[in-house]
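Any read-out appearing in this document is the output of simple, stated calculations on the displayed coordinates, not a laboratory observation. Everything numeric here is computed off the predicted structure, so don't read it as measured data. Cβ sites come from the backbone with ideal geometry, for glycine too, and all protein chains shown count toward neighbours.
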Number of protein chains: 2
Amino acid sequence: MTLKRRQFIQAAAASLATGSIAAPAIAQSQPEIKWRMTSSFPKQLDNIYGTAQTFAKYVAEATDNKFQIQTFSAGEIVPGLQALDAVTSGSVEACQTPLNFYLGKDPTLSFATALPFGPNARLQYSWWHFGGGAEIINGVLANFKAIAFASGNSGTQMGGFFRKEIKEVDDLKGLKFRIAGLGGQVLARLGVVPQIIAGGDVYPALEKGTIDAAEFVSPYDDEKLGLHKVAKYYYYPGWWEGGAMLHFAVGLDYWNKLPKNYQHIWLQACDASNNWMLGRYDVLNGAALKRMIGQGAELRGFSQPVMEACFDAAQKLYGELAANNANFKKALDSMVPFRTEHYQWWQVGEYSYDTFMIRMRNKVTAG
Amino acid sequence: MTLKRRQFIQAAAASLATGSIAAPAIAQSQPEIKWRMTSSFPKQLDNIYGTAQTFAKYVAEATDNKFQIQTFSAGEIVPGLQALDAVTSGSVEACQTPLNFYLGKDPTLSFATALPFGPNARLQYSWWHFGGGAEIINGVLANFKAIAFASGNSGTQMGGFFRKEIKEVDDLKGLKFRIAGLGGQVLARLGVVPQIIAGGDVYPALEKGTIDAAEFVSPYDDEKLGLHKVAKYYYYPGWWEGGAMLHFAVGLDYWNKLPKNYQHIWLQACDASNNWMLGRYDVLNGAALKRMIGQGAELRGFSQPVMEACFDAAQKLYGELAANNANFKKALDSMVPFRTEHYQWWQVGEYSYDTFMIRMRNKVTAG
């Protein structure tokens, strides 16, 4: 367990810097610096892309506009799926991206964002900062000349919109479901045929029945696509993203050359924008969920047998990946006991309190 | 709903500054400034007092040591319960304190920390920043020449150690329970005799049976007092602090004179230290809970009838307080619908995911 994350990050940045020598502390502590940050997200996802914009604003405010970060939405510089590559090549200094986009490079990167059936948002944060997560992931990212900083979380996402109900495990067979990543690989083992479709093309595909279901994010973003108008069953929870953490990744050479005080401002602005994203989602999602239910969306929870079949398939997949990838094994051996131990305290503290408050919710309304 | 908290904070600071004129932007953006921050907590509570120390370190790191905050534990300058008074009088620039310590000044301040049966930690954060909480509380604090910033949370606390089991509401009658604040006032309505005893005196009082029960914080801090050795029933949840938020309060005159970039660094360091406190508790509490159970502590959940009786007594108390205090009514009218609406989304998202993960916890261990 690492409790001193800042010391780690500096040590890591120094030790990971392949071939570069750490810049000496410079006399002028507030040089004018302009960086570019390419995002994997479009402007329409205003709470996610907005997190990058908010971060840039925070850094500028903390430095009297001396350190300026210009943000670019997906496609303006490179496509969303190539954000990390742009950092590796050095064509931009930084990116905003979900690291699980790059599981083709190394599936271990999925742990950075959200392992299906991984920790919730708060435990993902504590695993990253105090449970060894940052060290493991940044060890992998060093191969791509990058270092990543946690800078946002969606909270538990929704399971998506389905044209038909999923009542038992057999209902998954042949289901054409728009889902990517490890979640898609888990579902494929149960007969789902994962579909890769860009956000803007999902609505017509679901309307025509070209696909049977589609997952996106959470109520606030889902509502924008209008999918509840063409597929009324709105499933929960999105167990493949129980607490999806976003990152800003920075080229190691750029990071190491940053004045120390700018590094610290960067780290603190990461926490501030992390909280901005999650806190704002927490007020936006509730209202959007109510609106969609008002327009006919029907909430459905995945049944316990369906969830357990997915859980079991996930464990098998992880076992196979760990057998072939030492990084993946290291991350799995770190996260599984962490999740197990800390969900025990969660059950006693947070969960017992939430249970009562949820039960009393209607009484509160009535009172 | 206020989504632009920084704009608000600046506007509030300007409008609340009674008699002082906002300082013009100064040419030198990194002046050397030394502030003193008095804490309401002793050094022994290393995760709480440590949050103030961590914050001071973050601010120093972000400003190349130009803005230095010296922290003092409870009693070094003023007693813990007088931290806010020291800010009001201007004898220190800032303090770390739970604002519910000052419910004698105005019970509305309880909303800033934790209203019994209030939101959990994440929803308390979103109420503060995006639900109007900061505006309401800082409106009250202007009467005490202060402005407060959210800077930590304990998560749901424990209910404390009891010498005898509490099985029904009648078991509360005559119970000498070490508990302060609105939680104590709620319990008094059910026959509890709240006891005010300093942390260091709790162990002998509980051992001798001078008191029947005592609540403190959460496993990590509770373990230090060793109470599980003299009162084996360890109750949950601490419904009077479902997500206790701590604050740094600053004298308004001092705040308004701070250079703008230092104000922004302060705000971002608040978020970073907020996350440090909660994230670190999340890894420390689980381990401490396991150790205490190993030493004989027996976990007990408050029964539904006991919880509901407390809940009902709380609502009556709030109704009476609101009838006599316009600030309290304003805060209650803000928080209750916020909590009601957002626990709906919480139930669908976070809670359904947590339910499954907790159910599978042992399977995870076995697998």
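Here's how it looks for B:I166: its modeled amide H is under 5 Å from none belonging to a residue 5 or more places away or on a different chain.
Which of B:E223, A:E241 has the fewest other C-beta atoms within 10 Å, and how do the rest follow up to the most?
Values: B:E223 21, A:E241 29.
So the ranking, lowest neighbour count to highest, is B:E223, A:E241.
Global size of chain A: 20.9, 67 Å for Rg and Dmax (C-alpha atoms, Rg to one decimal, Dmax whole). Temperature 20 °C, viscosity 1.002 mPa s: under these conditions the Stokes-Einstein estimate for the range B:30-88, based on its Kirkwood radius over C-alpha pairs, is 181 µm² per second. If you wrap a convex hull around the alpha carbons of the range A:219-281, what volume per residue comes out, as a whole number of Å³? Cα-based convex hull of the range A:219-281, divided per residue, equals 121 Å³.
Considering every residue in A:252-265, what mean count of other chain Cβ atoms within 10 Å of its Cβ is obtained? Don't jump to the answer; show the numbers that get you there.
Values: counts 0, 0, 0, 0, 0, 0, 0, 1, 3, 9, 2, 2, 12, 9.
Taking the mean over all residues of the peptide, I get 3.
Only DSSP H runs of four or more residues enter the estimate; each adds -39500 (n - 2.57), and after division by the residues of chain A the mean residue ellipticity at 222 nm equals -14500 deg cm²/dmol.
Across peptide B:236-245, the mean count of Cβ atoms from other chains lying within 10 Å of each residue's own Cβ comes to 3. Under the convention that each Lys and Arg Cβ holds +1 and each Asp and Glu Cβ holds -1, the size of the dipole of the protein assembly as shown around its Cα centre is about 100 debye. What does the C-alpha gyration tensor say about the overall shape of the range B:156-258? Classify as rounded when a/c is under 1.5, otherwise prolate if a/b is larger than b/c, or oblate. Cα axes put the range B:156-258 in the prolate bin.
Between copies, the label points of A:D64, set 7 Å from Cα on the Cα→Cβ line, lie 1.0 nm apart, reported in increasing order to one decimal in nanometres.
What's the magnitude of the charge dipole for chain B around its Cα centre, counting Lys and Arg as +1 and Asp and Glu as -1 at the beta-carbon? Answer in Debye, nearest 20. Working shown, then result.
On the way: 35 positive and 32 negative charges, 59 e Å.
The calculated dipole for chain B is roughly 280 debye.
Comparing A:G152, A:S126, A:P237 along the charge dipole axis of the range A:119-256, the residue lying farthest to the positive side is A:P237, per the Cβ-charge model. Take every Cα pair under 8 Å whose residues are at least 6 apart in sequence, average their separation, divide by the length of chain B, and the relative contact order is 22 percent. The 3J(HN,Hα) values that the Karplus relation (6.51, -1.76, 1.60; θ = phi - 60°) gives for the range A:283-289 are, in residue order, 8, 7, 5, x, 5, 5, 4 Hz. Gly and Pro appear as x. In order along the range B:108-119, phi translates into HN-Hα couplings of 4, 4, 4, 4, 5, 8, 6, 7, x, 6, x, x Hz, rounded to whole numbers, per the Karplus curve 6.51 cos²θ - 1.76 cosθ + 1.60 with θ = phi - 60° and x for Gly and Pro.
When only Cα pairs under 8 Å and 6 or more residues apart are kept, what is the percent relative contact order across the range A:188-326? Let's see the in-between values first.
On the way: 68 pairs, mean separation 51.5, N = 139.
Relative contact order of the range A:188-326: 37 percent.
What you get for the range A:230-319, charging only the Cβ of Lys and Arg (+1) and of Asp and Glu (-1), is a dipole of about 260 debye around the Cα centre. Averaging Cα coordinates gives a centre for the range A:208-245 and one for the range B:233-271; these two points are 36 Å apart.
For B:G118, the amide hydrogen comes within under 5 Å of the amide hydrogens of B:G242, counting only partners 5 or more places away or on other chains and with H modelled in the peptide plane. Lysine pair count for the range B:122-238 (Cα-Cα distance under 28 Å; residues 8 or more apart in sequence or on different chains): 22.
The same position B:A188 in the other copies lies at 6.5 nm from this copy, comparing label points 7 Å beyond Cα toward the beta-carbon, shortest first. For the range A:276-324, the alpha-carbon radius of gyration amounts to 1.80 times the rule-of-thumb value 2.2 N^0.38 Å expected for a compact globular protein.
From the Cα gyration tensor of the protein assembly as shown, with a ≥ b ≥ c the square roots of its eigenvalues, which class applies: rounded if a/c is under 1.5, or else prolate if a/b is larger than b/c, or else oblate? Since a/c reaches 1.5 but b/c is at least a/b, the shape of the protein assembly as shown is classed as oblate.
Quick one: net charge around B:M360, please, counting Lys, Arg +1 and Asp, Glu -1 for every other residue with C-beta under 13 Å from its C-beta. Walk me through the numbers on the way to the answer.
Working: positive: A:R339, B:R359, B:R361, B:K363; negative: A:E308, A:D312, B:D354.
Result for the local shell: +1.
The order of A:T88, A:T113, A:T51, B:T210, going from fewest to most other C-beta atoms within 10 Å of their C-beta, is B:T210, A:T88, A:T113, A:T51. Note: relative contact order over the range A:86-231, using C-alpha pairs below 8 Å and six or more positions apart, is 20 percent.
What is the average number of partner chain Cβ atoms found within 10 Å of a Cβ in A:292-298?
Details: counts 0, 2, 0, 0, 0, 0, 0.
For peptide A:292-298, the averaged partner shielding equals 0.
Under 5 Å between amide hydrogens, which residues at least 5 positions from A:T71 or on another chain qualify, with H placed 1.01 Å from N in the peptide plane? So A:T71 has HN proximity to A:M37. Rg and Dmax of the range B:117-163, both derived from C-alpha coordinates alone, stand at 13.7, 43 Å. On the beta carbon distance between B:E168 and A:I358, with R0 = 25 Å, the FRET formula returns roughly 0.60.
Between B:S89 and B:K34, what FRET efficiency follows from the Cβ-Cβ distance if R0 is 25 Å, with the result rounded to 0.05? Walk me through the numbers before you get to the answer.
Numbers: r = 18 Å, r/R0 = 0.74.
E(calc), rounded to 0.05, equals 0.85.
Within the range B:38-99, the trypsin sites (Lys or Arg not before Pro) that combine a DSSP coil assignment with at most 16 other C-beta atoms in a 10 angstrom radius are B:K43.
When the square roots of the Cα gyration tensor eigenvalues are ordered a ≥ b ≥ c, the ratio a/c for the range A:60-158 is 1.5 or more and a/b exceeds b/c, which makes its shape prolate. Within the range B:134-208, report the trypsin sites (Lys or Arg not before Pro) that DSSP leaves as loop and that have at most 12 other Cβ atoms within 10 Å. Answer by residue number: B:K164, B:K167, B:K173.
Label-point spacing for B:D170 across the identical copies (point 7 Å from Cα in the Cβ direction), in nm and ascending order: 5.5.
Could you please rank B:E76, B:E135, placing first whichever residue has the fewest other Cβ atoms within 10 Å of its Cβ? Please list the in-between numbers first.
Values: B:E76 13, B:E135 17.
Neighbour counts put them in this order, fewest first: B:E76, B:E135.
Taken along the Cα-to-beta-carbon direction at a fixed 7 Å, the label points for A:E308 and B:K224 span 4.3 nm.
Karplus-derived 3J(HN,Hα) values for the range B:171-187, using 6.51 cos²θ - 1.76 cosθ + 1.60 with θ = phi - 60°, are 5, 7, 5, x, 5, 8, 10, 6, 7, 10, x, 5, x, x, 5, 5, 5 Hz; glycine and proline are entered as x.
Comparing B:N325, B:N100, B:N47 in a Gaussian network model of chain B, where Cα atoms under 10 Å apart are tied by springs, the biggest mean-square fluctuation is seen for B:N325. Our summary of shape: the Cα atoms of the range B:214-367 have principal axis extents of 56, 40, 38 Å, ordered from largest down, in whole angstrom.
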